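The values are calculated or read from the model by the stated rules, or taken from the named source; none is laboratory data. Because the structure is a prediction, the values reported are computed rather than measured. FYI the Cβ positions are ideal-geometry reconstructions off the backbone, even for glycines, and counts take in every protein chain you see. We work out accessible area using only protein heavy atoms, side chains counted, and drop any ligands, DNA or RNA first. Shrake-Rupley method; radii C 1.70, N 1.55, O 1.52, S 1.80 Å.
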Amino acid sequence: MVSLLRHTRNPLILAAFLATTAAARDPDMARWQAEAARVMITRDDWGIPHVRGRSDADAVFGMSYAQAEDDFARIEANYLTALGRTAEEEGEQAIWADLRQRLFVDPAELQAQYAASPVWLRTLMHAWADGLNFYLATHPRVKPRVLTRFEPWMALSFTEGSIGGDIERISLADLQTFYGQPTPPTPEELGAVPREPSGSNGIAIAPKLTANGRALLLINPHTSFYFRSEAQMISDEGLNAYGASTWGQFFVYQGFNAHAGWMHTSSTVDNVDQFAEAVVRRGGGWAYRYGGETRPMAVRTVTIRFRQPDGDLGERRFTTWRTHHGPIVAAKNGRWIATALMWRPVPALEQSWLRTKATDLASYVAVAERKANSSNDTLFADDKGEIAFLMPQFMPVRDDRFDYTRPVDGSDPATDWRGLHTLASLPSVTNPRVGWVHNTNDWPWSAAGPESPKAADYPRYMDQVGGNARGEHADLLLTGKRGWTLERLRVAAYDPYLPAFARLLPGLVAAWRALPANDPRRRALAAPIDTLARWDHRWGNGSVATSLAVYWGDQLWREVGSLAQAERINVPDYIATRVDAAAKLAALETAVAQLKRNFDSWNTPWNAINRFQRLDDAIRPHFDDAKRSTAVPFTSAQWGSLASFGAKTWPGTKRYYGTSGNSFVAVVEFGPRVRAMAVMAGGQSGNSASPHFADQVDRYASGRLRPVYFHPDELAGHVERVYRPGDDAP
């Protein structure tokens with residue numbers, strides 16, 4: 001059969017053959033074939049799929065099929081995470097992450113919500129599952145690790161697309177300690193290991209500031225690499241969305257259509273809360289105090305299956321508890337901790353889909369009234385010239401007397417959530433006179449310069465993080481500037497200034513100059529200090545100062561990161577305000593020694609250290625100094641670089657290799673005809689044998705965005721292949 005299919009060139013014969021042979025195996029094949037016949041996939045010369053269907057559902061079918069072609073392994077991995085089933089592949093070490101997920105994700109509840117959801121949404125979920133199942137049926141060589149069949153309701157387990165969902169704020173160490181055995185926090189949880197800030201940059205510029213009177217939008221998500229794919233979805237029902245979609249989701253998460261664009265950045269709002277419950281024994285179970293009463297704890301048994309060393313599946317059953325605030329996830333200071341967060345799968349999926357069809361700010365906000373976006377700020381622009389910064393719409397109303405950044409007393413009814421804020425009561429900004437809005441995962445109080453919302457006018461829980469160096473950088477680039485173009489916005493997205501080091505290094509230089517004349521460090525550090533003192537604080541491939549500064553900053557990060565996290569201060573601010581002169585000099589000594597040990601000299605340019613490498617299709621990254629890699633000039637976002645490259649050394653390496661940061665970058669111009677440029681980390685395909693596995697690396701590293709083929713005439717001449725789902729079956 002495989003030989004026959006390999007030599008079958010006529011797609012009609014192939015389709016007929018597949019239908020005949022597969023129908024005997026799967027009674028759904030006839031339906032899948034009918035759906036496939038209504039879909040056309042055009043791959044451009046970067047391998048990006050432009051999916052056209054007669055209906056929205058047909059476009060979803062084609063989208064899920066095209067994603068599976070490019071990286072089925074990541075689709076399955078995302079749904080194993082979302083469904084709490086990763087341990088079925090990875091074994092016992094994944095049990096606690098699965099349990100955390102399953103405290104919220106109950107398959108029976110999702111199936112009930114699916115059955116009660118609107119018909120139009122069920123139609124899309126059916127098409128999503130059909131596209132994936134059709135891919136598996138026509139590609140028998142692809143062997144799923146666990147999920148051999150996708151059910152429509154599963155789409156409700158993964159609805160928002162964020163990097164690191166709200167559930168991931170729950171400590172796995174605390175969870176394991178409560179439901180298993182005492183487990184100390186990991187260095188990552190403590191903040192002791194340098195970790196690239198997750199989040200993104202977004203900028204929208206109004207027509208009054210642009211050279212041609214058209215609004216501009218920067219889309220710059222910072223995620224783990226290869227977390228999202230790029231695609232265009234088109235239907236005869238009015239859908240025409242282009243942008244980045246998280247593997248396994250059927251909507252464009254960050255992107256644009258012919259009239260409007262949206263960029264999501266991780267927000268600093270506090271809308272995931274912990275409640276310290278006063279618990280008491282009641283019979284064989286537990287109850288908790290609430291006001292003047294005692295309420296029974298809700299109990300649910302969660303069964304986690306896990307792969308054993310011999311390959312068989314074992315099971316662990318957990319008796320889990322919850323109050324009206326949420327599931328119990330930890331115990332601290334004699335109280336049980338319940339976590340409250342948004343878990344509204346149907347409205348969340350509705351909102352994620354419907355906003356891709358919004359054509360202006362009013363229609364986008366109308367969709368947002370579902371209030372099912374909890375973690376994302378939004379930067380918006382449209383062809384009417386409107387721009388906006390929008391806060392997450394899921395915002396519980398709370399009593400501002402309490403500090404919700406810490407566990408609050410769950411026995412006090414005054415701490416309860418009291419419904420949701422109206423959209424009008426949130427610190428959003430629309431069409432400011434200043435002509436721009438931005439967000440860099442910082443507070444909303446600098447979103448539009450002098451026209452930003454004022455913190456004093458809002459509850460404290462509207463922000464829990466504060467400002468950051470990228471926000472300062474964006475302010476410098478935008479304030480007082482006019483004549484913006486698509487190209488100028490692209491250049492701004494890669495501006496090399498590092499404001500954190502501009503602030504921190506003078507203190508280091510002053511500490512060295514204050515050393516006694518006979519101190520041996522004056523001579524030992526003279527040359528490195530001179531290099532840093534003369535630096536313009538701008539990254540660059542040939543910059544030795546960038547190497548010194550990053551090594552020095554990373555050393556201090558390792559030393560004070562956990563302290564900064566405990567005080568809820570970002571690392572550069574902690575270094576500036578809490579680290580004394582002796583510690584700064586000691587960190588430079590260590591940095592110089594590390595550079596000498598790894599590269600034989602501290603006088604090592606940044607391009608010899610900071611590299612992009614994609615060796616194979618493994619989901620877990622690994623690297624090799626002896627193999628080909630590409631120099632990347634930009635640095636961690638922690639130091640204020642808008643272009644973010646989260647890199648570090650790995651087992652067996654001396655060089656830094658990046659695994660997160662800039663993952664998809666696009667600049668978009670909205671006028672009578674939308675125009676865009678983009679680039680993604682690596683390439684579109686997860687198949688290491690594909691020409692599109694790493695064909696964008698050089699453009700990624702240099703910031704040379706490629707034209708986006710949004711319109712048919714732009715796509716003409718750049719077509720690699722045109723086919724229907726199933727035509728490409730092996």
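Out of curiosity, is residue 607 closer than 30 Å to residue 218 by Cβ and part of a helix (DSSP H, G or I)?
yes
I need the full set of residues from the range 337-354 which are closer than 20 Å to residue 166 by Cβ, of a type outside the set (Val, Ile, Thr) and open to solvent by 10 Å² or more (accessible area, probe 1.4 Å), in order please.
Within the range 337-354, 341, 342, 343, 344, 347, 350 meet the criteria.
Going residue by residue through the range 443-459, is there one that turns out to be under 22 Å from residue 550 (Cα atoms) and open to solvent by 60 Å² or more (accessible area, probe 1.4 Å)?
Among the residues of the range 443-459, not one is under 22 Å from residue 550 (Cα atoms) and open to solvent by 60 Å² or more (accessible area, probe 1.4 Å), which makes the answer no.
Report yes if residue 394 is within 27 Å of residue 213 (Cα to Cα) and buried (at least 21 other Cβ atoms within 10 Å of the Cβ), otherwise no.
No; evaluated as a whole, the condition is false for this residue.
Going by the conditions given, is residue 64 closer than 25 Å to residue 723 by Cβ, buried (at least 20 other Cβ atoms within 10 Å of the Cβ) and polar (S, T, N, Q)?
Here the answer is yes, as residue 64 does meet what is asked.
Every residue in the range 617-632 that is in contact (Cβ under 8 Å) with a residue 40 or more places away in the chain and more than 22 Å from the chain's Cα centre (by Cα), please.
630, 631
Taking residue 465, is it open to solvent by 30 Å² or more (accessible area, probe 1.4 Å), at pLDDT 95 or above and β-branched (Val, Ile, Thr)?
Considered against the rule, which asks whether it is open to solvent by 30 Å² or more (accessible area, probe 1.4 Å), at pLDDT 95 or above and β-branched (Val, Ile, Thr), residue 465 comes out as no.
Please pick out the residue among 569, 529 that is open to solvent by less than 60 Å² (accessible area, probe 1.4 Å) and modelled with pLDDT of 95 or more.
The unique qualifying residue is 529.
For the range 532-542, which residues satisfy the criterion of being assigned to a loop (DSSP other than H, G, I, E, B), within 18 Å of residue 609 (Cβ to Cβ) and open to solvent by 20 Å² or more (accessible area, probe 1.4 Å)?
Correct list: 535, 537, 539, 541, 542.
Could you tell me which of the residues 476, 515, 489 is over 24 Å from the mean Cα position of the chain (by Cα) and either at positive phi or in a helix (DSSP H, G or I) (or both)?
Result of the check over 476, 515, 489: 476.
List the residue pairs whose Cβ atoms are under 9 Å apart, where the first residue sits in the range 36-48 and is closer than 19 Å to residue 128 by Cα and open to solvent by 10 Å² or more (accessible area, probe 1.4 Å), the second is assigned to a strand (DSSP E or B) and among the hydrophobic types (A, V, I, L, M, F, W, C), and the two are 6 or more positions apart or on different chains.
40/51; 40/722; 42/51; 42/719; 42/722
Restricting to the range 259-310, name every residue that is surrounded by fewer than 19 Cβ atoms within 10 Å (Cβ to Cβ), assigned to a strand (DSSP E or B), at pLDDT below 95 and of a type in the set (Gly, Ala, Ser).
285
Could you list, in sequence order, the residues of the range 82-118 that are crowded, with 21+ Cβ neighbours inside 10 Å, part of a helix (DSSP H, G or I) and among the polar types (S, T, N, Q)?
Result: 101, single match.
Need the failing condition index for residue 588 against (1) modelled with pLDDT of 95 or more; (2) exposed (fewer than 14 other Cβ atoms within 10 Å of the Cβ), just the number.
Every listed condition holds for residue 588 apart from (2).
Just need a number here: residues in the range 351-363 that are touching an Asp or Glu at 6+ places or on another chain (Cβ under 8 Å) and closer than 21 Å to residue 206 by Cα.
Counting residues in the range 351-363 that are touching an Asp or Glu at 6+ places or on another chain (Cβ under 8 Å) and closer than 21 Å to residue 206 by Cα gives 3.
Listed residues 577, 546; which is in a helix (DSSP H, G or I), polar (S, T, N, Q) and buried (at least 16 other Cβ atoms within 10 Å of the Cβ)?
Unique residue meeting the criteria: 546.
Looking at the range 374-391, which of its residues are in contact with a Lys or Arg (Cβ under 9 Å, 6 or more places away or on another chain) and over 21 Å from residue 436 (Cβ atoms)?
374
Pairs needed: first member in the range 660-684, within 13 Å of residue 231 (Cα to Cα) and without any contact (Cβ under 8 Å) to a residue 40 or more places away in the chain; second member anywhere, of a type outside the set (Val, Ile, Thr) and open to solvent by 10 Å² or more (accessible area, probe 1.4 Å); C-beta distance under 6 Å; at least 6 residues apart or different chains.
If the second residue must be of a type outside the set (Val, Ile, Thr) and open to solvent by 10 Å² or more (accessible area, probe 1.4 Å), the pairs left are 679/699; 679/705.
Looking at the range 146-169, is at least one residue of a type in the set (A, V, I, L, M) and surrounded by fewer than 18 Cβ atoms within 10 Å (Cβ to Cβ)?
No, because not a single residue in the range 146-169 is of a type in the set (A, V, I, L, M) and surrounded by fewer than 18 Cβ atoms within 10 Å (Cβ to Cβ).
Identify the single condition in (1) among the aliphatic types (A, V, I, L, M); (2) assigned to a loop (DSSP other than H, G, I, E, B); (3) out of contact with any Asp or Glu (no Cβ under 8 Å at 6 or more places or on another chain) that residue 434 does not satisfy, given that it satisfies every other one.
That leaves (3) as the condition not met.
Is one or more of the residues making up the range 374-396 over 30 Å from residue 204 (Cα atoms), at pLDDT 95 or above, touching a Pro at 6+ places or on another chain (Cβ under 6 Å) and in a loop (DSSP other than H, G, I, E, B)?
The answer is no; no qualifying residue exists.
Quick one: how many residues across the range 365-391 are of a type outside the set (A, V, I, L, M, F, W, C), open to solvent by less than 10 Å² (accessible area, probe 1.4 Å) and either touching a strand residue (DSSP E or B) at 6+ places or on another chain (Cβ under 7 Å) or at positive phi (or both)?
Residues flagged as of a type outside the set (A, V, I, L, M, F, W, C), open to solvent by less than 10 Å² (accessible area, probe 1.4 Å) and either touching a strand residue (DSSP E or B) at 6+ places or on another chain (Cβ under 7 Å) or at positive phi (or both) within the range 365-391 amount to 4.
Can you tell me which residue is nearest to residue 576 (Cα to Cα) among those in the range 496-524 that are among the hydrophobic types (A, V, I, L, M, F, W, C) and open to solvent by 50 Å² or more (accessible area, probe 1.4 Å)?
Among residues in the range 496-524 that are among the hydrophobic types (A, V, I, L, M, F, W, C) and open to solvent by 50 Å² or more (accessible area, probe 1.4 Å), the one nearest to residue 576 (Cα to Cα) is 510.
Does residue 625 meet the test of being in a loop (DSSP other than H, G, I, E, B), of a type in the set (D, E, K, R) and touching a Lys or Arg at 6+ places or on another chain (Cβ under 8 Å)?
When the stated conditions are applied, residue 625 passes them.
Given the residues 425, 446, which is the only one that is over 25 Å from the mean Cα position of the chain (by Cα) and of a type in the set (Ser, Thr, Tyr)?
Among 425, 446, only 425 is over 25 Å from the mean Cα position of the chain (by Cα) and of a type in the set (Ser, Thr, Tyr).
Could you pull out the residue among 276, 298, 244, 260 that is touching a Phe, Trp or Tyr at 6+ places or on another chain (Cβ under 8 Å) and under 23 Å from residue 66 (Cα atoms)?
It is 244.
If you take the residues in the range 229-246 that are among the hydrophobic types (A, V, I, L, M, F, W, C) and open to solvent by less than 10 Å² (accessible area, probe 1.4 Å), which one is nearest to residue 681 (Cα to Cα)?
Looking at residues that are among the hydrophobic types (A, V, I, L, M, F, W, C) and open to solvent by less than 10 Å² (accessible area, probe 1.4 Å), I get 244.
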